[in-house]
Amino acid sequence: MKNDLLIKICMGTGGLAAGGSEVMDAFKKQLRVKGIKADISKHCSIHRVGCRGLCAKDVLVDIILNNVKTTYQFIKPYMVERIIEEHVINGNPVEEWAVTEDYHQFHNKQIKVVLSDCGNIDPEDIESYLNVGGYDALKQVISTMSPKDTIEIIKKSGLRGRGGAGFPTGVKWEICFKETSSQKYIICNADEGDPGAFMDRSVIEGNPHAVIEGMIIGAYSTGADKGYVYIRAEYPLAVERLKKALNQARQNKFLGKNILGKKFDFDIKIKLGAGAFVCGEETALIASIEGQRGMPRAKPPFPVYKGLWEKPTVINNVETLANVPYIIRNGAEWYSSFGTEKSKGTKVFALTGKIKNSGLIEVPMGIPLREIIYDIGGGIENNMAFKAVQTGGPSGGCIPADLLDIKVDYESLAQVGSIVGSGGMVVLDENDCMVNIAKFFLQFTQSESCGKCIPCRIGTKRLLEILERITCGKGREGDIELLEDLANDVKATSLCGLGQTAPNPILSTIRYFRDEYEAHITKKKCPAGVCKDLLSYVVIAEFCKGCGACKRVCPSSAISGEKKAVHKIDPDLCVKCGACFEACKFKAIGKG
Amino acid sequence: MRVEDLDVNEMIGDVGKIICEHDRKKGVLIHAFQKIQQDYGYLPGEVLMTLSKKLSLPLAEIYSVASFYKQFHFSPRGKKVVRVCMGTACHVRGAKNVLNALEDEFGIKQGETTDDLAMTLETVGCVGCCGLAPVATINEDVVGDIGKKKLELLVKAIKEEEK
């Protein structure tokens with residue numbers, strides 16, 4: 001065999017959790033055992049690649065034989081031998097393990113800019129990035145363009161901050177460029193804290209050099225000579241890959257003194273976050289780097305004027321920076337050809353929850369929400385009914401089914417009471433209780449509130465208390481109005497983005513699912529059957545076969561009944577754990 | 001790291017040149033905590049006192065910064081740290097059940113450590129593997145898609161390492 005063989009194995013956090021490194025070992029072993037060594041090994045390489053999006057089907061493996069690519073899904077180590085034997089040696093791909101139609105459908109409507117190389121290149125090897133045009137943008141910028149030219153391109157491209165606020169990146173750079181100061185900083189904000197979001201982690205794990213290249217270009221344009229990447233300690237793999245990438249960049253003279261032989265010095269340090277959600281807010285992030293409690297301060301002055309140690313500081317999100325090299329390489333017009341009039345380019349979303357194809361996606365701004373859910377996401381899991389999609393994490397809102405046709409961009413989502421945010425998208429189905437979802441987010445924001453300003457510290461606590469009482473059946477008349485009132489106050493008077501947006505999940509769920517709140521308060525019922533205190537379990541006599549399965553699993557011996565006779569649940573003993581509901585094969589346990 | 005050997009100027013690097021001494025000392029605090037915790041597994045009181053003397057910063061100030069961040073702990077932790085993800089995706093896919101099951105199994109509540117210091121049970125906001133929800137991590141390994149079967153395996157994995 002003298003054919004070129006390339007094997008690519010997904011080794012993002014998702015891939016690794018599904019057993020990516022074991023699969024890789026199996027491939028290495030099998031190649032050795034099968035004696036595909038002498039001439040093949042020269043042409044053959046095994047690469048680890050970053051996340052390619054469809055984490056639900058991990059471990060994903062590409063076999064590229066003579067330039068023909070076959071992608072396999074759900075690969076386990078024991079399957080490797082057959083793949084090597086039938087596909088690599090005999091040239092017949094193992095069809096039954098190959099990806100199916102939904103894998104292609106998942107990718108068809110996506111447009112990849114930031115993720116274009118994620119999942120294709122080896123994130124731990126700079127050569128791999130250089131081979132696909134990596135650092136070309138930096139070379140172009142440093143050798144032929146002034147900072148002003150660069151800023152002009154970024155402005156023209158229409159790139160806006162991808163961390164959530166959507167501030168035009170070029171404008172931010174320009175302000176910083178115009179500041180006169182002996183010292184300026186650029187910070188990459190990788191403190192991705194929204195529950196249900198993993199875009200930044202995947203970008204760093206899949207293509208760390210793009211972020212670094214973007215940062216160097218940002219530093220050149222703004223005049224910063226020191227950079228920080230502030231990254232969550234909960235992302236060990238991303239930190240490790242970033243460290244490796246920084247070292248490689250230094251060795252290749254992309255970082256350090258006199259970069260690429262020009263009079264331009266810049267280096268990047270990694271700062272590990274210490275576990276505080278509020279540190280994603282830029283002034284809190286700065287406080288944290290300075291070694292203080294990570295509490296925000298009032299703005300203005302904005303960090304571009306007075307930031308880290310009182311010096312002008314540009315703070316950009318990971319995804320924003322990773323876009324920069326691609327914009328420089330392909331031009332501002334190319335980038336702004338995607339998207340809508342006001343929201344240009346593409347956006348990475350983490351599509352999760354009750355959706356068939358959950359994973360990482362990149363779509364042009366302005367794509368209808370329906371296409372994301374049904375075409376890319378493949379619809380709702382287990383054929384349940386779609387109820388809502390939650391965007392923007394704890395700062396965002398829920399979008400109900402009748403608004404599925406809205407476009408996904410900064411303005412349209414804001415209009416319906418949600419936000420694009422950092423890009424989390426959690427799909428909810430008929431079994432999710434919206435009051436409970438609102439409570440979930442408030443629990444999060446309440447515990448993450450730094451406590452500096454009163455509206456947020458006490459307001460979120462009071463909001464949570466009201467939600468807790470509603471979900472445990474003690475809701476009072478007027479609670480909905482009280483929630484709305486208080487929510488608007490917290491929004492209007494909080495110091496930073498955390499408090500200003502924390503009530504959004506409540507306001508948007510009340511706006512679209514007021515009836516669920518009312519059912520909890522007046523009827524003391526949870527329509528979705530989630531809130532435990534409002535539930536009761538009963539045996540539906542006509543379906544009960546008397547098999548005793550429920551009786552056996554009941555932890556509180558609340559179920560009685562003879563074999564083959566209809567069973568009964570004693571409501572006084574029932575602890576509402578739901579074990580009987582899950583154990584019954586005949587759907588004879590009803591909850592309501 | 002021995003706190004006595006801590007070199008503020010080296011730890012803070014070049015930026016130290018432009019800030020005053022007090023800011024420099026404060027600037028290394030979080031970094032120092034991370035190093036201490038790496039060695040001891042937590043931030044022992046007497047080490048923080050040494051740090052306070054070394055940096056001439058009041059212990060109260062040191063404690064105020066350390067206690068702000070969830071990452072830092074003031075009591076010893078288990079050999080295995082199990083974190084159950086409570087992110088949105090995990091929440092709607094039954095993270096609560098996973099947590100309850102582990103709490104029952106090991107007889108500790110979230111945030112607590114077993115008496116033999118074998119295991120600490122915690123929750124985490126989001127580990128960013130939402131595609132595999134519900135998820136838990138044992139030290140740095142991620143376990144995904146935790147259904148009933150996987151839960152038993154998870155418990156087994158935790159116990160195995162305890163020996």
Answer yes or no: is there a residue in region A:36-48 that is more than 17 Å from A:Ile84 (Cβ to Cβ), crowded, with 18+ Cβ neighbours inside 10 Å and modelled with pLDDT under 80. yes
What number of residues within region A:468-487 satisfy the criterion of being assigned to a loop (DSSP other than H, G, I, E, B) and open to solvent by 80 Å² or more (accessible area, probe 1.4 Å)? 3
Quick one: count up the residues across region A:262-291 that are at pLDDT below 90 and either open to solvent by 40 Å² or more (accessible area, probe 1.4 Å) or in a strand (DSSP E or B) (or both). 0
Number of the exception - A:Arg232 against (1) open to solvent by less than 40 Å² (accessible area, probe 1.4 Å); (2) touching a Phe, Trp or Tyr at 6+ places or on another chain (Cβ under 8 Å): (2)
On the basis of being part of a strand (DSSP E or B) and away from chain B (no Cβ under 14 Å), does A:Lys342 make the cut? no
So for region B:148-157 (the condition being farther than 21 Å from A:Glu381 by Cβ, away from chain A (no Cβ under 12 Å), at pLDDT below 85 and in contact with an Asp or Glu (Cβ under 9 Å, 6 or more places away or on another chain)), does at least one residue qualify? yes
Considering only residues that are within 23 Å of A:Gly379 (Cα to Cα) and away from chain B (no Cβ under 11 Å), look in region A:423-457 and name the one that is surrounded by the fewest Cβ atoms within 10 Å (Cβ to Cβ). A:Glu430
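Can you name the residue in region B:78-110 that is open to solvent by 50 Å² or more (accessible area, probe 1.4 Å) and within 30 Å of B:Leu29 (Cα to Cα) and is also nearest to the other protein chains (Cβ to nearest Cβ) among such residues?
Going through region B:78-110, the residues open to solvent by 50 Å² or more (accessible area, probe 1.4 Å) turn out to be B:79, B:83, B:93, B:96-97, B:100, B:104-105, B:107, B:109-110.
Those still in the list that are within 30 Å of B:Leu29 (Cα to Cα) too: B:79, B:83, B:110.
Details: B:Lys79: 17, B:Arg83: 8, B:Gln110: 12 Å.
Looking at the filtered set, the residue picked out is B:Arg83.
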Name the pairs: first residue in region A:458-474 and touching a residue at least 24 places away in the same chain (Cβ under 8 Å), second residue basic (Lys, Arg) and open to solvent by 10 Å² or more (accessible area, probe 1.4 Å), Cβ to Cβ under 6 Å, at least 6 apart or on different chains? A:Leu467/A:Lys439; A:Thr471/A:Lys439; A:Gly473/A:Lys524
For region B:27-43, state whether one or more residues are more than 11 Å from every other protein chain (Cβ to nearest Cβ), open to solvent by 60 Å² or more (accessible area, probe 1.4 Å) and small (Gly, Ala, Ser). no
What pairs come up if the first residue lies in region A:109-120 and is within 19 Å of A:Ala238 (Cβ to Cβ), the second is part of a loop (DSSP other than H, G, I, E, B), and their beta carbons are under 6 Å apart, counting only those six or more places apart or on different chains? A:Asp117/A:Val132; A:Asp117/A:Asn207; A:Cys118/A:Gly50; A:Cys118/A:Asn207; A:Gly119/A:Gly50; A:Gly119/A:Arg52
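The values are calculated or read from the model by the stated rules, or taken from the named source; none is laboratory data. No experiment lies behind these values; they were computed from the predicted model shown. Reconstructed Cβ throughout: ideal geometry from the backbone, glycine too, with neighbour counts over all protein chains shown. Each accessible area value is taken on the protein alone, full model and side chains, heavy atoms only, with ligands, DNA and RNA left out. Shrake-Rupley method; radii C 1.70, N 1.55, O 1.52, S 1.80 Å.
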